[in-house]
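Below is one structure, written out as structure tokens, with a few remarks after it.
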Amino acid sequence: RAILGNALAAFPHKKSLWHQAVELERKRGSAESLDEVLAAACERLPRAEVFWLLRAKERWLANEIDKARQILTEAFAANPDSELVWLAAAKLEWETGEAERARVLLQRARERASTDRVYMKSALLERENKCFKDALALIEEGIQKYPKFPKLYMMGGQIYSEDLEKTKSSLDRARKFYERGLQECPTCITLWILASRLEEKASIYVATNTARAGVTKARSLLELARLKNARNPQLWIEAIRLERRAGNDKLAITLMARALQECPSSGLLLAENITTSPRVEQKAKSADAIKKCPDDPMVIAAVASLFASDRKNEKARKWFDRAVVLDSDLGDSWAKYYAFEQDVGTKDQQSKVKERCVAAEPSHGELWCSIVKQMANRQKSVGENLELVAQHILQQKQGTLN
């Protein structure tokens, strides 16, 4: 503290020093001392949005909503055109149940600090409040201004395919959103995957469509996606899983072999290869994957799951721990670790993993995002989402055993 104090006295406008001071108080200090340092940082560097946002977030987490609002009001005065400050203010109101306030803030943001993310968040607020017509109008307005922003097309397609009644009209309109998105954003992998999944499930919307016809269309889309985006592991994984869901296991094995030839050092593909291979081959596949990607968290977590299935619990725990240390932002690893502890660990071991996950605030991971980003789960805390994803993993495991 003394060293940092002297350094800040000499260099009061050096951002990196303030970051170090904040981290020190976060780890070693009290809530009051952290707030004092953040307040001083905001005073010295009023244009550095990050300190305003951190201070407001700490007050919000301490349930001091009015104090958080006041801090963000001061942040507005210093940064009137900041997208981050506008979105933080809207998020505060949104997540404290003040949807109308959030709506007004986002409307002002569209007028004063318009960006693609501001339009996305505006549409998302309306979608969450089931105002689908308003959400779609905002999406269209956003697309006119930001045609290269793929998330607007994704949300439009998802509203028609997931939120509205499943009719042929909904299917056609969802298709149209994805087609427009792929014309403007042909390198957006998520858009290709969403479009292929829509075709796979087309029989849900139109009774005359057969499931086989849907799989054929989905397969064609993924082949086209791989032509336009070579050497992409996510597209290969989606194609492999499509064939498994359709019962074409031999074709899935062939595709995996081709995928590993094209992307030999993909942790995503190597981990999938471990978990989907026959039991007798898994040990050899694990050794090969570790040799190719010794520090890939997905490979490490897949090997940990293999140890867990063999009841080598201490080894599994050690490897799960290694996976979350390698990438603390990967929610899938935390969920697998927590599910493992729920299965074999003590209450103390479970709570320690949960505490570490909450502190890490993971935001990535295929399974993690697929559950956390569901409309019903958007307002849930990290701890609640961890419980949900771990429960899903345990149910999958139980289904496999049965």
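The values are calculated or read from the model by the stated rules, or taken from the named source; none is laboratory data. Keep in mind it's a predicted model, so treat the numbers as computed, not measured. All Cβ positions, glycine included, derive from the backbone under ideal geometry; neighbour counts span all protein chains shown. To get the accessible areas, we keep the full protein, side chains included, count just its heavy atoms, and leave off ligands, DNA and RNA. Shrake-Rupley method; radii C 1.70, N 1.55, O 1.52, S 1.80 Å.
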Cross-link pairs beyond the 22 Å C-alpha cut-off, checked among Lys133/Lys166; Lys91/Lys176; Lys121/Lys352: Lys91/Lys176; Lys121/Lys352
Per 20 Å bin, what is the whole-percent P(r) computed from every C-alpha pair distance within the chain? 22, 51, 26, 1
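By how many nm would the segment from Ser220 to Cys369 grow when fully extended, if each residue of separation counts as 0.36 nm and the alpha-carbon distance is taken off?
Details: separation 149, 0.36 × 149 = 53.64 nm, distance 2.57 nm.
Using 0.36 nm per residue and subtracting the Cα-Cα distance, I get 51.1 nm.
Please compute the length gained on full extension between Arg212 and Val104, using 0.36 nm multiplied by the number of residues separating them and subtracting their Cα-Cα distance. Working shown, then result.
On the way: separation 108, 0.36 × 108 = 38.88 nm, distance 4.71 nm.
Full-extension gain reported as 34.2 nm.
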Which of the peptides 348-359, 264-275 is most tightly packed, and how do the rest follow, going by the mean number of other Cβ atoms within 10 Å of each residue? 264-275, 348-359
Taking 0.36 nm per intervening residue step and subtracting the Cα-Cα distance, what contour gain separates Glu281 from Arg311 on full extension? 9.0 nm
Which whole-angstrom value gives the distance between the alpha carbon centres of the stretch 136-184 and the stretch 1-39? 46
Run the simple label-point estimate for Glu95 and Lys133 please: 7 Å along Cα→C-beta, distance reported in nm. 3.2
Label-point separation (nm) for Lys14 and Ser381, each offset 7 Å from Cα along Cα-to-Cβ? 3.8
Just grab the label-to-label distance for Thr190 and Ala40, each label 7 Å out from Cα along the Cβ direction, in nm (one decimal). 4.0
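Given R₀ = 25 Å, FRET efficiency for Ser30-Arg322 by Cβ-Cβ distance, to 0.05? Walk me through the numbers before you get to the answer.
Details: r = 32 Å, r/R0 = 1.30.
E(calc), rounded to 0.05, equals 0.15.
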Of the listed links Lys315/Lys336; Lys217/Lys373; Lys318/Lys380; Lys145/Lys168; Lys283/Lys315; Lys148/Lys228, those spanning more than 20 angstrom between alpha carbons are Lys217/Lys373; Lys318/Lys380; Lys145/Lys168
Free-standing Cys residues across the chain, given no other cysteine C-beta under 4.7 angstrom: Cys42, Cys131, Cys263, Cys293, Cys357, Cys369
May I ask you to give the percent of accessible area on the stretch 25-112 that is carbon plus sulfur, with a probe radius of 1.4 Å? 46
